[in-house]
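What follows is a single structure, written as structure tokens, with notes after it.
The values are calculated or read from the model by the stated rules, or taken from the named source; none is laboratory data. From a predicted model like this one, the values you see are computed outputs, not experimental measurements. Quick reminder, even Gly has a Cβ in these numbers, built from the backbone with ideal geometry, and neighbours come from all protein chains shown.
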């Protein structure tokens, strides 16, 4: 994913969230790195680690399927008390094209608005500090997202964002994890430089032209 918002600009876009530090700009946020999140009941922006270990195996998890989140051991104890918002300007997804997988950048059609993912988190105290780690919930893709991938992140808009952080029943949580309406996302191809996690610069957002087809 990518995060390029500065403090004052983000405050204007998300006025219900308290922001007390200058966010970390990163054009290539990868699993195990810090993401900007808001924990349930706090409404204050903080940093979380993207990904936590699966129950039993210890495998790193970065996503959770909304359809089974109330059942899976790695998530079922967190979905009610520990939901979070994860903020980004866009995210990357890879589409198979022939023998290659090509990266695409995905953002709102209104490209200035932040993406607000629905997620869940875990926390622990280590060295006297509270550490939080999170995963992003996924759902069925809308029409344009289905051209790239068979899953999509849960994206929250408007009043749904703050409601996600409240003490709400499982039935309402399930409703909020619905797919996006069609024709709401802007998707375009970017350089495979984004595949290397040490690459981190604004040019990663640059759109690549689609290759012409024979028909």
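The figures follow:
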{"item": "Hey, residue 105 surrounded by fewer than 18 Cβ atoms within 10 Å (Cβ to Cβ), under 13 Å from the mean Cα position of the chain (by Cα) and at negative phi or not", "result": "no"}
{"item": "Per-region count, region 13-22, residues touching a residue at least 24 places away in the same chain (Cβ under 8 Å), part of a loop (DSSP other than H, G, I, E, B) and either out of contact with any strand residue (DSSP E or B) (no Cβ under 8 Å at 6 or more places or on another chain) or crowded, with 18+ Cβ neighbours inside 10 Å (or both)", "result": "4"}
{"item": "Failed condition for residue 31, given (1) touching a helix residue (DSSP H, G or I) at 6+ places or on another chain (Cβ under 9 Å); (2) part of a loop (DSSP other than H, G, I, E, B); (3) over 19 Å from residue 201 (Cβ atoms)", "result": "(1)"}
{"item": "Residue in region 164-173 that is farther than 30 Å from residue 82 by Cα, in contact with a strand residue (DSSP E or B) (Cβ under 8 Å, 6 or more places away or on another chain) and modelled with pLDDT of 95 or more present", "result": "no"}
{"item": "Candidates 99, 95, 76, filtered to the one that is in contact with a strand residue (DSSP E or B) (Cβ under 6 Å, 6 or more places away or on another chain) and surrounded by fewer than 18 Cβ atoms within 10 Å (Cβ to Cβ)", "result": "95"}
{"item": "Test result for residue 209, surrounded by fewer than 10 Cβ atoms within 10 Å (Cβ to Cβ) and part of a loop (DSSP other than H, G, I, E, B)", "result": "yes"}
{"item": "Residues being part of a strand (DSSP E or B) and within 18 Å of residue 187 (Cα to Cα) - total across region 101-122", "result": "11"}
{"item": "All positions within region 44-60 that are under 19 Å from residue 79 (Cβ atoms) and either crowded, with 18+ Cβ neighbours inside 10 Å or touching a helix residue (DSSP H, G or I) at 6+ places or on another chain (Cβ under 7 Å) (or both)", "result": "48, 50, 51, 52"}
{"item": "In region 129-146, residue nearest to the chain's Cα centre (by Cα) [restricted to those that are over 30 Å from residue 97 (Cβ atoms) and exposed (fewer than 15 other Cβ atoms within 10 Å of the Cβ)]", "result": "131"}
{"item": "Unique match (being at pLDDT 95 or above and out of contact with any helix residue (DSSP H, G or I) (no Cβ under 9 Å at 6 or more places or on another chain)) among 24, 106", "result": "24"}
{"item": "Filter pass, residue 10 being assigned to a helix (DSSP H, G or I) and touching a residue at least 40 places away in the same chain (Cβ under 8 Å)", "result": "yes"}
{"item": "Pair list, Cβ < 7 Å and 6+ apart or interchain, from region 58-74 residues that are more than 19 Å from residue 174 (Cα to Cα) to residues that are modelled with pLDDT of 95 or more and part of a loop (DSSP other than H, G, I, E, B)", "result": "60/31; 60/51; 61/51; 61/54; 61/74; 62/31; 62/51"}
{"item": "Looking only at region 44-60, and only at residues there that are within 13 Å of the chain's Cα centre (by Cα) and in a strand (DSSP E or B), the one that is nearest to residue 18 (Cα to Cα)", "result": "48"}
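Yes or no, residue by residue, for (1) more than 15 Å from the chain's Cα centre (by Cα); (2) within 22 Å of residue 114 (Cβ to Cβ); (3) touching a residue at least 24 places away in the same chain (Cβ under 8 Å):
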{"site": "148", "(1), (2), (3)": "yes, yes, yes"}
{"site": "154", "(1), (2), (3)": "no, yes, yes"}
{"site": "162", "(1), (2), (3)": "yes, yes, yes"}
{"site": "169", "(1), (2), (3)": "yes, no, no"}
{"site": "185", "(1), (2), (3)": "no, yes, yes"}
{"site": "199", "(1), (2), (3)": "yes, no, yes"}
